[in-house]
C-alpha cells in the first residue's frame, strides 16, 4: 500500500502542487508559441509526455552504467533520440501540424523540464518511478497548454480543434472574435491568471488546515 501511495504521489505532484509551468516556471516559451490552436497544443503535450517518460525511463535504467563525467552528454543523446523519433513521426503522419509546431518539437531537447527530471529524479530513482514521474510531468505541462489553447482558440477565432463552435447568429448580432487572444501577450496573461488562481487555492487550503 505504501509503495502504491508513493507512486501515486510521484504521479500527481507535477500535475498540481509542483506543476512544471505554474509552479516551477519552466517551459513557458513553448506554452506561448504553440497554444494558438488546441490541436497543436494537444500534439505538443503528447510529444513532451512521450519524450519525458521514455527518456526518464531509459536514463534511470542506465543510471548505474553512465559515467558521472559524461552524464549530461549521455542524457542529451537519449533525449535527442526520442525527440527525433517524435519529429519524424509527426512529419510522416501529421505534416501540417509538424509545420505549425515548427522548431518547438526539436527544442524539446533543450527544454529545462526534460533535463531537470533526468538530473533531479531519473538518475536517483528506479525505472518504474522515473517513468511515472515523466508521465506526470508531461501531463502537468500538457494540461496547462491545453487550457491556454482552449481559451485562446475559442475566444480568438471562435473555433476548437479547427471547427467553428461559436454560432453564426452571434456574429450577425455584433459578436466579434477577440483577436488579441491570438497574440503571445494573451498567453502570458492567461498563464499568469492560472498561476495566481492555483496559488490562491493552495494558500486557501493551507489556511483551512
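The values are calculated or read from the model by the stated rules, or taken from the named source; none is laboratory data. Owing to the predicted nature of the structure, the values given are computational and were not obtained by experimental measurement. Glycine also receives a Cβ, built like all others from the backbone with ideal geometry; neighbour counts cover every protein chain displayed.
For the stretch 54-68, enumerate the residues that are touching a helix residue (DSSP H, G or I) at 6+ places or on another chain (Cβ under 6 Å) and either in a helix (DSSP H, G or I) or under 19 Å from residue 112 (Cβ atoms) (or both). Across the stretch 54-68, the qualifying residues are 54, 55, 56, 57, 58, 59, 60, 61.
Sort out which residues of the stretch 89-119 are within 18 Å of the chain's Cα centre (by Cα) and surrounded by fewer than 14 Cβ atoms within 10 Å (Cβ to Cβ), and write them in order of number. Passing the criteria: 102, 103, 110. Going residue by residue through the stretch 146-167, is there one that turns out to be touching a residue at least 12 places away in the same chain (Cβ under 8 Å), closer than 15 Å to residue 48 by Cα and in contact with a helix residue (DSSP H, G or I) (Cβ under 7 Å, 6 or more places away or on another chain)? Yes, there is a match, as at least one residue in the stretch 146-167 is touching a residue at least 12 places away in the same chain (Cβ under 8 Å), closer than 15 Å to residue 48 by Cα and in contact with a helix residue (DSSP H, G or I) (Cβ under 7 Å, 6 or more places away or on another chain).
Among the candidates 15, 51, 43, the residue that is modelled with pLDDT of 85 or more and either out of contact with any helix residue (DSSP H, G or I) (no Cβ under 6 Å at 6 or more places or on another chain) or not in a helix (DSSP H, G or I) (or both) is uniquely 15.
Against the criterion of being surrounded by 19 or more Cβ atoms within 10 Å (Cβ to Cβ) and either assigned to a helix (DSSP H, G or I) or at pLDDT 90 or above (or both), residue 86 qualifies. Within the stretch 145-179, the set of residues being assigned to a helix (DSSP H, G or I) and loosely packed, with under 11 Cβ neighbours inside 10 Å comprises 168, 169, 172. In the set (1) crowded, with 16+ Cβ neighbours inside 10 Å; (2) over 19 Å from residue 189 (Cβ atoms); (3) modelled with pLDDT of 90 or more, the condition left unmet by residue 20 is number (3). Contact map, the stretch 183-198: residues that are over 18 Å from residue 15 (Cβ atoms) paired with residues that are not in a helix (DSSP H, G or I), Cβ distance under 6 Å, separation 6+ or inter-chain. Pairs shown: 187/35.
In the stretch 197-208 there is no residue matching the filter, namely being in contact with a helix residue (DSSP H, G or I) (Cβ under 7 Å, 6 or more places away or on another chain) and surrounded by fewer than 17 Cβ atoms within 10 Å (Cβ to Cβ).
For residue 71, the conditions (1) in contact with a helix residue (DSSP H, G or I) (Cβ under 6 Å, 6 or more places away or on another chain); (2) over 30 Å from residue 158 (Cβ atoms); (3) part of a helix (DSSP H, G or I) all hold with the exception of (1). Against the condition out of contact with any strand residue (DSSP E or B) (no Cβ under 7 Å at 6 or more places or on another chain), over 27 Å from residue 66 (Cβ atoms) and either at pLDDT 95 or above or assigned to a helix (DSSP H, G or I) (or both), how does residue 129 come out, does it pass? Against the criterion (out of contact with any strand residue (DSSP E or B) (no Cβ under 7 Å at 6 or more places or on another chain), over 27 Å from residue 66 (Cβ atoms) and either at pLDDT 95 or above or assigned to a helix (DSSP H, G or I) (or both)), residue 129 does not qualify.
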